[in-house]
Amino acid sequence: MLNNKNQIRTYIKKILSEMDELAHKNSSQSIHTRLFLTDYWTESNVIAITVSRGREIETIPIIQKAWSEQKKVLVPKCYPKTNEMEFREITSLHQLEQVYFGLSEPKVQVTNLVLPNQIDLIIVPGVCFDQKGYRIGYGGGYYDRYLEAFRGRTLSLSFRSQLVDEVPREAHDRAVQLIVTEDEVIHCDRND
């Protein structure tokens, strides 16, 4: 029985690592199509998103679509020494650099900081999610801390294999409002 975050995280990461290339690509594209039809996407002009790696849902096509629609794209910059995160606008993929764990982050010297009250939508990453919008992230807690003071819209992208019955939650955990999968759009803010 998987009953703690680390066990669930390890289990879901294993499932994702076993996903074949074609299934990954097709499922990512289905999720993109559903995302672009949501009000959360169409009504947002400033969108914060991570740059995917490995078997995460592909986000480069989302970034390119945002640019084609004249939306601003923000990517997180994390500071592990202080456990803080900020979002910086990128206008080109050349403004990214690889940092620890193979993450792509904005180069501070060529990007501008964007404050939380200037962001319309944060696409929150995670390893797995439940129907109420709670998630297990990658263990750093950056998003939970950032979302405490954030008042804009939040959503997560999830393969169906990343959905679980219930995520163990703690007082500081922040739920997202919407989850977009290959099959459905889950309105989490209406589940409580």
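The values are calculated or read from the model by the stated rules, or taken from the named source; none is laboratory data. Everything numeric here is computed off the predicted structure, so don't read it as measured data. Backbone-built Cβ (ideal geometry, glycine too); neighbour counts: all protein chains shown. For accessibility, only protein heavy atoms count, side chains too; no ligands or nucleic acids. Shrake-Rupley method; radii C 1.70, N 1.55, O 1.52, S 1.80 Å.
The figures follow:
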| item | result |
| --- | --- |
| Karplus-derived 3J(HN,Hα), 6.51/-1.76/1.60, for each residue of the stretch 61-73, Hz, glycine and proline x | x, 5, 4, 5, 5, 4, 4, 5, 9, 6, 8, 7, 10 |
| Ordering of 134-143, 36-45, 150-159 by burial proxy (mean other Cβ atoms within 10 Å per residue, highest first) | 150-159, 134-143, 36-45 |
| Quarter of the Cα convex hull surface for the stretch 41-123, i.e. its orientation-mean projected area (nm²) | 5.6 nm² |
| Residues of the stretch 50-192: accessible area per residue with a 1.4 Å probe, Å² | 50 Å² |
| For S92, solvent-accessible area (1.4 Å; no DNA, RNA or ligand), Å² | 30 Å² |
| nm² value of the averaged projected area, convex hull over the Cα atoms of the stretch 15-57 | 3.5 nm² |
| For the stretch 99-192, with +1 on Lys and Arg beta carbons and -1 on Asp and Glu, the positive-most of L178, T111, Y134 along the dipole | T111 |
| Total charge dipole magnitude, the stretch 114-192, about the Cα centre, Cβ charges on Lys, Arg, Asp, Glu only, Debye to nearest 20 | 240 debye |
| Three principal axis lengths of the stretch 50-97 [C-alpha, angstrom, descending] | 35, 25, 16 |
| Amide H within-cut-off set for V176, under 5 Å, with H built and near neighbours excluded | Y134 |
| For the stretch 79-173, convex hull volume per residue from C-alpha positions, Å³ | 130 Å³ |
| Paired Rg and Dmax values of the stretch 1-86, which use every Cα atom, in angstrom | 15.7, 47 |
| Estimated distance in nm for a label pair at V99 and R160, the labels positioned 7 Å out from Cα along Cα-to-Cβ | 3.6 nm |
| Net dipole in debye of the chain [+1 Lys, Arg Cβ; -1 Asp, Glu Cβ; about Cα centre; nearest 20] | 380 debye |
| Residues in the stretch 83-105 reached by a label modelled at N112 [backbone nitrogen below 18 Å; 7 Å Cα→Cβ] | 86-96 |
| Accessible area, probe 1.4 Å, largest first, for residues H187, H94 | H94, H187 |
| Accessible-area composition of the stretch 34-161, carbon plus sulfur, in percent [1.4 Å probe] | 49 percent |
| All-pairs Cα distance distribution in the chain, expressed in whole percent, bin size 10 Å | 9, 38, 41, 13, 0 |
| Within-13-Å neighbourhood charge of K71 [Cβ basis; K, R +1; D, E -1] | -2 |
